[in-house]
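These notes concern the structure reproduced below.
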Amino acid sequence: MQILTNREHLLPALLRGTGVVERRQTLPILGNFFLSAGEDGSVELVGTDLELQIRTGFSATVKGPGAITLPARKITDICRALPDGADVRIKVEGDKAVVSSGRGRYTLSTLPADGYPLMSPEVGGICLELEQAQLRKLLEKTGFAMAQHDVRYYLNGLLLEVQPGGLTAVATDGHRLAKVTIDCESDVTEAMQVILPGKTVSELKRLLTGSDDKARLRISERTIQIQTAEAQITSKLIDGRYPEYDRVIPRNPERLAVADRSALRQALTRTAILSNEKYKGVRVTFDAGLLRLQAHNPEQDEAEEELELDYSGEPTTIGFNVAYVMDILGVLDKEEVEIAFSDGNSSALWSSKGVEGEVYVVMPMRL
């Protein structure tokens, strides 16, 4: 088996697949790429960790079809270090693969392709199609609120809820919640919920482009498959029941404030410098026409900022984790931010003014 290609074709395919390959593997073959060359000149490259699989390909000239597995990190690093436009030849000789380019020659150990654990997509399921930019934005606007290493394993993933005519993404770690809904045509007649693993969400955000090229989703009972022009991503789903997230979204909060996003973000950045490094708490006081930010730490340092605010309700002070608020301000699109709340002990709703379908909840903290 021999493959003749160019760095500009090979490297993007390697980079698409390398994100799924873990550095520490329980099975040695999981540190390899599956490489298959067909008689028609098509070359397929697959990487997997048994939970997530990325299948892609690249242009090449094939002499002798076949399949082999190659060390993923090593061949990616070799290709990355080659000069732009370099021609690359991959030739399999027994249990070795020789990668050559120019005067360079690199011999890599291989493992048999028949031992590679390829994931097969489930038959059936529901299908929907949307722009890659839409799906990527949906994940970016919600994925930051997922839990990390929570014993409630379902919180370590992102909920996708498919409804007739719409797609909703929800993430929460128990202290904050992000919910975004977009219009989307699908073949469902009633709502369906699935939970995407955190790693799958991260890889999708990395692989999806900001273009209007289509991404086709097939959601089955245990897997989800996302097909784009560049790759096919197949992922197992988290088996669990997501909590009833609507119960933590405040209904009809009594007070509403409107602030400038950029000014608030800058003021929070400065105030957070003197907040408690462990808890990152900031005291936020809403007063008539004025927003006051205060922070202190065990070293008795104190910070205070004031900025203009569109608010005419009763003076109210709420403690927030500044990191949670900064994450939300980072994904809002508009410069005017609405903050709705009832009192100093209740959760607050954050959103862009005039934008429908996006809800962010931050729960208060004691300071």
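To keep it simple, each residue is scored yes or no on (1) among the hydroxyl-bearing types (Ser, Thr, Tyr); (2) within 16 Å of Phe341 (Cα to Cα); (3) without any contact (Cβ under 8 Å) to a residue 24 or more places away in the chain.
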{"position": "Val284", "(1), (2), (3)": "no, yes, no"}
{"position": "Asn297", "(1), (2), (3)": "no, no, yes"}
{"position": "Glu308", "(1), (2), (3)": "no, no, no"}
{"position": "Thr317", "(1), (2), (3)": "yes, yes, no"}
{"position": "Val322", "(1), (2), (3)": "no, no, no"}
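For the range 175-197, filtered to residues that are of a type outside the set (A, V, I, L, M) and modelled with pLDDT of 95 or more, the residue that is farthest from Ile219 (Cα to Cα) is His175. A single member of Ser100, Ser59 is touching a His at 6+ places or on another chain (Cβ under 7 Å) and either buried (at least 17 other Cβ atoms within 10 Å of the Cβ) or closer than 18 Å to Ala37 by Cα (or both), and it is Ser59. Counting only strands (runs of 3 or more DSSP E) that fall entirely inside the range 86-191 and contain at least 3 residues that are more than 21 Å from the chain's Cα centre (by Cα), the qualifying elements are 87-93, 96-101, 104-109.
Restricting Leu139, Leu118, Leu135 to residues that are more than 30 Å from His175 (Cα to Cα) and touching a residue at least 12 places away in the same chain (Cβ under 8 Å) narrows the list to Leu118.
Against the test of being under 24 Å from Gln232 (Cβ atoms) and at pLDDT 95 or above, the options Ile78, Ile54 yield a single qualifying residue, Ile54. Inspection of the range 201-212 identifies at least one residue that is at pLDDT 95 or above, part of a helix (DSSP H, G or I) and basic (Lys, Arg).
The residues listed here are Glu299, Glu306; of these, the one that is farther than 24 Å from Val170 by Cβ and either assigned to a loop (DSSP other than H, G, I, E, B) or assigned by TED's automatic domain parsing to the domain that holds Gly143 (or both) is Glu299. Applying the set (1) out of contact with any Pro (no Cβ under 8 Å at 6 or more places or on another chain); (2) closer than 18 Å to Arg241 by Cα; (3) not β-branched (Val, Ile, Thr) to Asn156 leaves exactly one unmet item: (1). Quick one: is Gly289 at positive phi, surrounded by fewer than 15 Cβ atoms within 10 Å (Cβ to Cβ) and modelled with pLDDT of 95 or more? In short, yes.
The values are calculated or read from the model by the stated rules, or taken from the named source; none is laboratory data. These numbers were taken from a predicted model, which means no experiment stands behind them. So basically every Cβ, Gly included, is an ideal-geometry build from the backbone, and we count neighbours across all protein chains shown.
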